[in-house]
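Inspection log for the structure reproduced underneath, given as structure tokens.
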Amino acid sequence: MVAAAGGGLVPGAAFGSEPRALDVICNRELPFAKLSREEVAAIFTRAIRVWRGKDVLRPFNFRPATPERLSFDQVVLQMDPDRSAQFWIDKLVRGEGEPPRKVGDARTMVRVVAALPGALGYLAPEHVDATVRVVARIREGQVLGP
């Protein structure tokens, strides 16, 4: 178990455990058909901020220590929680940008990604609906096409 920000424990969320199945989603107006692990990682680390000179990208994360965030960081970013936190501290200190904004639950993730141009996020497959588009799937520790 991993300690959550509020001091509680998140059951089954230990880094290195079997990652959860997740779908990477985007706003339907973005031109993506599918994204590779490297592209998703570049977007969520803010290495890519604009897609092909046109679309401003707005990634959204779950809060640290949530099972979804732990799985996403492990598989896509290939970082444990400490490394992820240090990565963003380093970026902020060097003035190289801020981390993606955070949402608290799957319902909010879908609503934000559906409503905001350029938005991307991730969530468990059972929460995906027709208001967003799946551009990658995380299954058994691998990033696959939709």
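The values are calculated or read from the model by the stated rules, or taken from the named source; none is laboratory data. Treat the numbers as computed from the prediction; the structure is a model and nothing was measured. Here the Cβ positions follow ideal geometry from the backbone for every residue, glycine too, while neighbour counts run over all protein chains shown. Calculation scope for accessible area: heavy atoms of the full protein, side chains included, ligands and nucleic acids excluded. Shrake-Rupley method; radii C 1.70, N 1.55, O 1.52, S 1.80 Å.
Details
- Only residues that are within 15 Å of the chain's Cα centre (by Cα) and under 21 Å from ILE25 (Cα atoms) were counted across region 51-83, and they come to 23.
- In region 87-146, the residues that are in contact with a helix residue (DSSP H, G or I) (Cβ under 7 Å, 6 or more places away or on another chain), in a helix (DSSP H, G or I) and either in contact (Cβ under 8 Å) with a residue 40 or more places away in the chain or among the hydroxyl-bearing types (Ser, Thr, Tyr) (or both): VAL110
- ARG111 of a type in the set (Lys, Arg) and closer than 21 Å to GLU18 by Cα: no
- Test result for VAL135, under 11 Å from the mean Cα position of the chain (by Cα), of a type in the set (Val, Ile, Thr) and open to solvent by less than 40 Å² (accessible area, probe 1.4 Å): no
- Every listed requirement among (1) touching a strand residue (DSSP E or B) at 6+ places or on another chain (Cβ under 8 Å); (2) surrounded by 15 or more Cβ atoms within 10 Å (Cβ to Cβ); (3) of a type in the set (A, V, I, L, M, F, W, C) is met by MET79 save one, (1).
- Scanning region 25-69 for residues that are touching a helix residue (DSSP H, G or I) at 6+ places or on another chain (Cβ under 7 Å) and either in a helix (DSSP H, G or I) or open to solvent by 60 Å² or more (accessible area, probe 1.4 Å) (or both) yields ARG37, VAL40, ALA41, PHE44, ARG63, PRO64.
Yes/no matrix, rows are residues, columns are (1) surrounded by 14 or more Cβ atoms within 10 Å (Cβ to Cβ); (2) among the aliphatic types (A, V, I, L, M); (3) more than 15 Å from PRO67 (Cβ to Cβ); (4) out of contact with any Phe, Trp or Tyr (no Cβ under 6 Å at 6 or more places or on another chain):
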site: PRO99; (1), (2), (3), (4): yes, no, yes, no
site: GLY104; (1), (2), (3), (4): no, no, no, yes
site: THR108; (1), (2), (3), (4): yes, no, yes, yes
site: ALA115; (1), (2), (3), (4): no, yes, yes, yes
site: ALA119; (1), (2), (3), (4): yes, yes, yes, yes
site: LEU123; (1), (2), (3), (4): yes, yes, no, yes
site: HIS127; (1), (2), (3), (4): yes, no, no, yes
site: LEU144; (1), (2), (3), (4): no, yes, yes, yes
